[in-house]
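Below is one structure, written out as C-alpha cells; the observations come after it.
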Amino acid sequence: MMKKILIVEDEKELALSLESQFSVLDVEIKIAKDGKEALEIFHWYKPELVLLDINLPKKTGWEVCQSIRKDSDTKIIMMTARDSELDEIHGLEIGADDYIVKPFSINVLITKVKKALRLNIQSIYRYEEFQYCFKDGILKIFGERVDLSSREKDLLEYFIKNKNIPLSRGSILLQIWGIENDFDERASDTLVKRLRKKLKNYETLIGTVRGVGYIFEEK
C-alpha cells in the first residue's frame, strides 16, 4: 500500500510543485490550502506524513501541529520561510519531527520525506514502457537501456521532478549549467533536442511551450 502525505501549503504553485516532485516516491498526495482544511482532511485521510507550512490562513501551522499531536503520532515536517533558531526549537517542542527552511533543496526535502516514511526504494519513475531509475541514472524504454550523457540525465530528472510545469530555457540553463544569462539559451534547445531523440517513441513527453520553453507531461 502506498504511503500517504498531506501537504499543507497556501502557496498553490509550491504545493503543486511538491506534489509533482514527489511522483518519484510512488506516494499518495492530498493538498490543504489552510490550517482549518488541513485538520479536516487529516482526520479522514489519515496520512503517514504531514508537510506543514507555518504561516497559514485560518489556523497557523503551530496550531495545526498541536491539534494533530493531541491524538496522533503521525510524522510532521514543518516548512517555513522563517530561519530563526527559536522557531525551529518551538516547532520541535510542540511535536514536529523535523524542520526545513524555505527556500529549500528539493533533494534535501525528498531525503527527509524518505527518512520519515522509512522508504527503502530506488525512486523509479514509470510511464507505460518508459522507466527511469533516479538512484542508478538508468533509462529503459520497452525494456531496453538507453544511454544518456550526464547532462541528458540531469535534464530528464529536472523534467520528471517538474512534471506538468512549464520550464523556461533560462531555468534549464540555471539547473543544468548553473548559469543564467551568460550562456546562449539555444544551448537549452540543443540539449532538449538531443534528449528527445534518445526518448524515441516517447519524445512527445517533452512538449514545447511557445514563448516560454518546455514542459514534461504524460500524453
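General remarks:
- Of the listed requirements (1) modelled with pLDDT under 85; (2) under 17 Å from the mean Cα position of the chain (by Cα); (3) among the basic types (Lys, Arg), residue 126 misses just one: (1).
- From the options 53, 147, residue that is out of contact with any Asp or Glu (no Cβ under 7 Å at 6 or more places or on another chain), among the acidic types (Asp, Glu) and at pLDDT 90 or above: 147
- Search result, residues across the range 19-37 that are assigned to a helix (DSSP H, G or I) and without any contact (Cβ under 8 Å) to a residue 40 or more places away in the chain: 19, 35, 36, 37
- With respect to the stated conditions, residue 152 fails to be assigned by TED's automatic domain parsing to the domain that holds residue 190, under 25 Å from residue 16 (Cβ atoms) and free of Cβ contacts under 8 Å to residues at least 60 places away in the same chain.
- Looking only at residues of the range 110-143 that are in a helix (DSSP H, G or I) and in contact (Cβ under 8 Å) with a residue 40 or more places away in the chain, we find that the one that is surrounded by the fewest Cβ atoms within 10 Å (Cβ to Cβ) is 114.
- Within the range 38-52, restricting attention to residues that are touching a residue at least 24 places away in the same chain (Cβ under 8 Å) and part of a helix (DSSP H, G or I), the residue that is farthest from residue 124 (Cα to Cα) is 39.
- Test: residue in the range 92-99 that is at pLDDT 90 or above, charged (D, E, K, R) and surrounded by 14 or more Cβ atoms within 10 Å (Cβ to Cβ): no
- Residue in the range 197-219 that is farthest from residue 171 (Cα to Cα), counting only those that are touching a helix residue (DSSP H, G or I) at 6+ places or on another chain (Cβ under 9 Å) and in a loop (DSSP other than H, G, I, E, B): 219
- Residue 146 meets the conditions (1) closer than 23 Å to residue 20 by Cα; (2) crowded, with 16+ Cβ neighbours inside 10 Å in every case but one. The failed one is (1).
The values are calculated or read from the model by the stated rules, or taken from the named source; none is laboratory data. These numbers come from a predicted model, not from an experiment. Counting neighbours? That spans all protein chains shown, and the Cβs are built from the backbone with ideal geometry, glycine included.
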